[in-house]
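The values are calculated or read from the model by the stated rules, or taken from the named source; none is laboratory data. Quick caveat, the model's predicted, so the values are computed rather than measured. Backbone-built Cβ (ideal geometry, glycine too); neighbour counts: all protein chains shown.
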Amino acid sequence: MSTTVSSPTGDPYLLTPGPLTTSPTVKQAMLHDYGSRDNTFIDINAHMLERLLAIVDGEDSHVSVPLQGSGTFVVEAMMGNFVPADGKVLILVNGAYGHRIAKICDYYRREYIIQESAEDVPVDTDALDQTLGNDPKISHVVMVYCETTSGILNPIEKISEVVARHQRGLLIDAMSAFGALPLSVKNIEFDAVVASSNKCLEGAPGMGFCIARRSAIEKAKGNSPSLSLDLYDQWQAMMKNKQWRFTPPTHVLLAFDQALNEFEEEGGVEGRGGRYRQNGDLLITGMREMGFKTLLPDELQAPIIITFHMPKNPEFDFNAFYDGLREQGYVIYPGKLTVADSFRMGCIGRLNAEQMQGALGAVRSMLDRFGIDEIINP
């Protein structure tokens, strides 16, 4: 069945954690072919790296390194490059993506321990402080800024302060936060942070990037267990001739260049994050008015993706709910929690109040279709 609402290019709106709805102009930017050694492409690539550093105020102290692949590729690269073979990692876990980092460490045979909180509870900084004080062997701490398993916002500034006080290296997975939530080297000390071309920067998926303190990446030489994921070697190649070591995702980079233009035109982190916050507020208010219950209290909720408890009404069928919203032009996401049966609705990408109101109307129509007058929550 065709959708009743669609984006300007005829696709349903994606209320997901990624891939996301992109602007027509970002899509259009990919309608060109460049060779990897073309001077125009090389200039675009160099400018991209400068713009990424500017987002975190890191022009004088940090470097940016791009990498082919999805966000997980560059998370894996971060772990393999910045944690030496004799290092030990403390992984702060409150969702699936923290556990994925642990799995990467298993593959790379990096020693690690986990400090785990429930999926609806932020990282415990007091426990972090105690663990670092008791275990001098820990060389690095790794965290997920916004854990999209639940949509929770972790206390990044406090975590950074604790890790810096203990003189350990901080590694940050900012995949679902970079570009919308504050992240500046002026108040957050880190060895490396990784994110990707889509998510809050609203480009096409297919490229990740690492922003690293120069002194930290210089120490990473020879650490990588992988040739293709060697960030130090990639950085050195960029320094020498501004070129990628292996075939770059040229079309993705052209889209990303346009996405960065639109990011800057919107007002950078403040403007992009402000629109997402408005989207999230509209979504939460409207869903609560219909009786849905959010997993997180407002003070822990990041403006990225919202988790709602699955209704207990016997008439509510999530698969039919998902398909019905899709038919009306809105794609949501199933839950990923272990603590509760849930589903998720994102508020990032090229979406605004119109799409949020449209999605809420689609949800209302599905409740009517199910014959649900009052939602039963857990």
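Residue pairs whose Cβ atoms lie under 9 Å apart, sitting 6 or more positions apart in sequence or on different chains, and linking a residue in the range 174-199 that is assigned by TED's automatic domain parsing to the domain that holds CYS347 to a partner that is of a type in the set (A, V, I, L, M) and at pLDDT 95 or above, do not occur here.
Per the conditions (1) more than 26 Å from LEU15 (Cα to Cα); (2) touching an Asp or Glu at 6+ places or on another chain (Cβ under 8 Å), the sole criterion not satisfied by ASP106 is (2).
Flag set for ASP43, criterion: loosely packed, with under 14 Cβ neighbours inside 10 Å, in the same structural domain as LEU128 (by TED's automatic domain parsing) and not in a loop (DSSP other than H, G, I, E, B). Taking the criterion of being under 18 Å from GLN357 (Cβ atoms) and within 22 Å of the chain's Cα centre (by Cα), the residues of the range 317-342 that qualify are TYR330, VAL331, ILE332.
Only one of the numbered conditions (1) at pLDDT 95 or above; (2) in contact with a strand residue (DSSP E or B) (Cβ under 6 Å, 6 or more places away or on another chain) is violated by MET30, and that is (2).
Restricting attention to the range 46-61, the residues that are outside any helix (DSSP H, G or I) and within 16 Å of LEU201 (Cα to Cα) add up to 1. The set of residues in the range 123-172 that are touching a residue at least 40 places away in the same chain (Cβ under 8 Å) and part of a helix (DSSP H, G or I) comprises THR131, LEU132, ILE159.
LYS103 meets all of the listed conditions (1) buried (at least 18 other Cβ atoms within 10 Å of the Cβ); (2) modelled with pLDDT of 95 or more; (3) within 18 Å of VAL194 (Cβ to Cβ) but one, namely (1). Yes or no: the range 196-209 includes at least one residue that is assigned to a loop (DSSP other than H, G, I, E, B), under 21 Å from GLY98 (Cα atoms) and of a type in the set (D, E, K, R). No - not one qualifying residue is present in the range 196-209.
If you go through the range 60-113 one residue at a time, how many are touching a residue at least 24 places away in the same chain (Cβ under 8 Å) and over 15 Å from PRO225 (Cα atoms)? Number satisfying all stated conditions: 27. Does GLY71 fit the bill of being out of contact with any helix residue (DSSP H, G or I) (no Cβ under 8 Å at 6 or more places or on another chain), assigned by TED's automatic domain parsing to the domain that holds THR148 and closer than 14 Å to ILE211 by Cα? Taking the combined requirement at face value, the residue does not satisfy it. Given the conditions (1) of a type in the set (D, E, K, R); (2) assigned to a helix (DSSP H, G or I); (3) surrounded by 14 or more Cβ atoms within 10 Å (Cβ to Cβ), which single one is not true for GLU270? Result: GLU270 fails condition (3) only. With the condition kept exactly as written, say whether any residue in the range 354-362 is touching a Lys or Arg at 6+ places or on another chain (Cβ under 8 Å) and either surrounded by 15 or more Cβ atoms within 10 Å (Cβ to Cβ) or touching a residue at least 40 places away in the same chain (Cβ under 8 Å) (or both). No, the range 354-362 has no match at all.
When MET290, MET366 are checked against the criterion of being of a type in the set (A, V, I, L, M), more than 23 Å from LEU201 (Cα to Cα), in contact (Cβ under 8 Å) with a residue 12 or more places away in the chain and surrounded by fewer than 17 Cβ atoms within 10 Å (Cβ to Cβ), MET290 stands alone in meeting it.
Among GLY203, GLY208, which is the only one that is at pLDDT 95 or above, out of contact with any Gly (no Cβ under 8 Å at 6 or more places or on another chain) and crowded, with 20+ Cβ neighbours inside 10 Å?
On the way: GLY208 fails: out of contact with any Gly (no Cβ under 8 Å at 6 or more places or on another chain).
GLY203 is the lone residue from the list that is at pLDDT 95 or above, out of contact with any Gly (no Cβ under 8 Å at 6 or more places or on another chain) and crowded, with 20+ Cβ neighbours inside 10 Å.
Restricting SER342, SER365 to those that are over 19 Å from ASP11 (Cβ atoms) and in contact with a strand residue (DSSP E or B) (Cβ under 7 Å, 6 or more places away or on another chain) reduces the list to SER342. Inspect the range 331-344 for any residue being among the charged types (D, E, K, R), at pLDDT 95 or above, in a loop (DSSP other than H, G, I, E, B) and under 29 Å from LEU52 (Cβ atoms) and give the result as yes or no. No. So, in the range 230-252, of the ones that are touching a Ser or Thr at 6+ places or on another chain (Cβ under 8 Å), part of a helix (DSSP H, G or I) and in contact (Cβ under 8 Å) with a residue 24 or more places away in the chain, which residue ends up surrounded by the most Cβ atoms within 10 Å (Cβ to Cβ)? It comes out as LEU231.
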